[in-house]
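Undergrad: For reference, the structure I am asking about is given below.
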Amino acid sequence: MLNSIVPKKAVISLMLARIFYTVNWFNIPSIFIFIAVDFEEDISALGLITASFFIGVGLFQVLAGILSAKYSPRKIAILGVAIASTAVFFTSFSADLLSIGVLRFIVGLGMAFFFGPSVILISGYVGKQSEGLGMGLLNSAHAIGGIIGLFVWVLVAEFFGWRTSLVLSGVAGLITLIFLQKWLPKTTERRQKQREKIRPDINNEHKNKTQDVGSEIDIEQRRFNFEIKFDHLQNILLNKSLIKLGLVLLGFQAGSGLIWSFIVFYLADHIRMDPAIAGLIGSLNLIVALISSPIVGKAYDKLGNARKLLAISGIISAVSVMMIGVLQSQVYLIGIPVVVAGFFLSWGFVIVYVKAKQVNTRSPPAYQTLSVSYVNGISLFGAFWIPILFASIINQFGYVSAWIVGGVIFIALVLPILTLEE
């Protein structure tokens, strides 16, 4: 339930931004079939471009968390959308794949700046007892954007050209800045200082010793005199629970990333499907995630038990990834593992992010963004080599082997969840 002091428009603006953030995440893999023809490249180039993106979005997660702690999640989220959308727009003018790779790195940088802050913002807006629901809403927006990026953008590229499709998605991302700027509430420095003066120093000191905090609004009131301290950073960066969550999320990122990065090209190039149909099948896992994410979020709010839920969903998702390759000769059955993977992958993304925010790191509440960004950074930066390996296995041994190896890696990365403390 939304806090009464925060407009519902704030949540809507974050979801709109997340939708087109995700369109710009998924559009290159979905339209690569047309880019490959223009530049006479094969799937190896898609692997390198995807790796460049993963490096950008993973490498800057920690920096995004630190800047959010210092300057507020609102400012950093808006900056991130601006950087990513601008880079997507200029990708349309690329003269070679090197340019696309560099710009995808910058797109990743911008998305790193948006993600962690958006999780903290929406958690504050929906309230502490509904954090799972808040993450579910963001994940549903991610699914909507993915559906548009994988399916609709294939049609746009097919009718208007891949360059025009990138211009449109970049502009759409920039338009969401208007809603973020207008609808995300902000606390002025004057109000912050007035509120800070009436708070006893001893009360502030007590609050800085706990991770159990109120809303984002409360955190924002103390942010103007925030100082970054090494021991607080160390508490987060060396926290074993956060590292384990990052490795588990790396497994989910690997499984999800293989599907959204390669499924359209796999179906269109290898199985010879029409690109539009390939995009539709590829988006099935996101259609399922759109429905399941809020349900999973609400269920986790009530049930808890992240370890059990993540272990079950991880194993089933990994097997589904393997089956995409095994069923390559059964064209009409390939959609089944894609759908199953979409349902259970949504569990991982919702639960891990909520759990990361709940981990007690003994750092001030303003560092919550860093906790979420750190876990996300481990998973995304750690995943950069997976698309390169996947493409290499395809070239050497074929698609079946590549999908099976991808599933095995997924399972191996999920195993640390069995040692996570609840």
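Undergrad: Looking at the chain as a GNM with Cα springs under 10 Å, which of K302, K355, K128 has the largest mean-square fluctuation?
TA: Judging by the Gaussian network model, the answer is K302.
Undergrad: By the gyration tensor of its Cα atoms, with a ≥ b ≥ c the square roots of the eigenvalues, what is the shape of segment 129-185: rounded for a/c under 1.5, prolate for a/b over b/c, or oblate?
TA: oblate
Undergrad: If you take the Cα atoms of segment 260-382, find Rg, then find the Kirkwood Rh from the mean of 1/r over all pairs, what is Rg/Rh?
TA: Taking Rg over the Kirkwood Rh, I get 1.06.
Undergrad: Additional query: Whole-Hz ³J(HN,Hα) for each residue in segment 115-124, computed from phi via Karplus 6.51 cos²θ - 1.76 cosθ + 1.60 with θ = phi - 60°, x for glycine and proline: what do you get?
TA: Coupling constants for segment 115-124: 4, x, x, 5, 5, 5, 4, 5, 5, x Hz.
Undergrad: How big is the Cα convex hull of segment 32-122 in projection, averaged over all directions, in nm²?
TA: Values: hull surface 23.4 nm².
For the Cα atoms of segment 32-122, the hull's average projected area reads 5.8 nm².
Undergrad: Please give the helix 43-59 orientation as an angle from the longest Cα principal axis of the chain, in degrees from 0 to 90, rounded to the nearest 10.
TA: In the chain, helix 43-59 runs at an angle near 0 degrees to the longest axis.
Undergrad: State, in angstrom, two size descriptors of segment 277-336 derived from its alpha carbons: Rg to one decimal place and Dmax to the nearest whole number.
TA: Over segment 277-336's Cα set, Rg and Dmax evaluate to 14.2, 42 Å.
Undergrad: What ³J(HN,Hα) values, in whole Hz, does the Karplus curve 6.51 cos²θ - 1.76 cosθ + 1.60 give for segment 287-298 when θ = phi - 60°, with x put for Gly and Pro?
TA: With coefficients 6.51, -1.76 and 1.60, one gets 4, 5, 4, 4, 7, 7, 4, x, 5, 4, x, 5 Hz.
Undergrad: Pulled fully out, how much extra length does the chain show between Q396 and K9, if you take 0.36 nm times their separation in residues and subtract their Cα-Cα distance?
TA: 134.2 nm
Undergrad: Does anyone have the angle between helix 399-414 and the longest principal axis of the chain? Alpha-carbon axes, 0 to 90°, nearest 10?
TA: 20 degrees
Undergrad: Of Y125, Q61, V107, which is farthest towards the positive pole of segment 30-137's charge dipole, taken about the Cα centre with +1 and -1 on the beta-carbons of Lys, Arg and Asp, Glu respectively?
TA: Towards the positive end, the residue furthest out is Y125.
Undergrad: Along segment 70-87, what does the Karplus equation 6.51 cos²θ - 1.76 cosθ + 1.60 (θ = phi - 60°) give for ³J(HN,Hα), rounded to whole Hz, x for Gly and Pro?
TA: Once rounded to whole Hz, the list reads 7, 10, 4, x, 4, 5, 6, 4, 5, 4, x, 4, 5, 5, 5, 5, 5, 5.
Undergrad: I've got another one for you. When the helix-only estimate is applied to the chain (DSSP H runs of n ≥ 4, each -39,500 (n - 2.57), divided by the residue count), what is the mean residue ellipticity at 222 nm, nearest 500 deg cm²/dmol?
TA: One gets -26000 deg cm²/dmol as the mean residue ellipticity at 222 nm.
Undergrad: From the square roots a ≥ b ≥ c of the eigenvalues of the alpha-carbon gyration tensor of segment 99-168, which class results: rounded (a/c under 1.5), prolate (a/b over b/c), or oblate?
TA: oblate
Undergrad: Please give the helix 368-382 orientation as an angle from the longest Cα principal axis of the chain, in degrees from 0 to 90, rounded to the nearest 10.
TA: Helix 368-382 and the main axis of the chain meet at about 20 degrees.
Undergrad: Counting heavy atoms of the protein chains only and a 1.4 Å probe, report the per residue accessible area for the chain as a whole number of Å².
TA: Value for the chain: 39 Å² per residue.
Undergrad: In addition: What does the convex hull of the Cα atoms come to per residue for the chain, in Å³?
TA: Once divided by residue count, the hull of the chain is 121 Å³.
Undergrad: Right, here's the next one. Ignoring ligands, DNA and RNA, please state the percent of accessible area on the chain from carbon and sulfur, probe 1.4 Å.
TA: In the chain, the share of accessible area belonging to carbon and sulfur is 66 percent.
Undergrad: Based on the mean of other beta carbon atoms within 10 Å per residue, what is the order of 374-387, 106-119, most packed first?
TA: 106-119, 374-387
Undergrad: Counting Lys and Arg as +1 and Asp and Glu as -1, what is the net charge of the other residues whose Cβ lies under 15 Å from the Cβ of M111?
TA: Working: positive: R18, R104; negative: none.
In short, +2.
Undergrad: For segment 252-293, report the % of Cα-Cα distances exceeding 17 Å. Walk me through the numbers on the way to the answer.
TA: Details: 272 of 861 pairs.
Of the Cα pairs, 32 percent sit more than 17 Å apart.
The values are calculated or read from the model by the stated rules, or taken from the named source; none is laboratory data. Keep in mind that what you see is a predicted model, and the values were worked out from it rather than measured. When we count neighbours, we look across all protein chains shown, and the Cβ atoms used for this are built from the backbone with ideal geometry, even at glycine. Side chains are part of the model used for accessible areas, which takes the heavy atoms of the whole protein and leaves out ligands, DNA and RNA. Shrake-Rupley method; radii C 1.70, N 1.55, O 1.52, S 1.80 Å.
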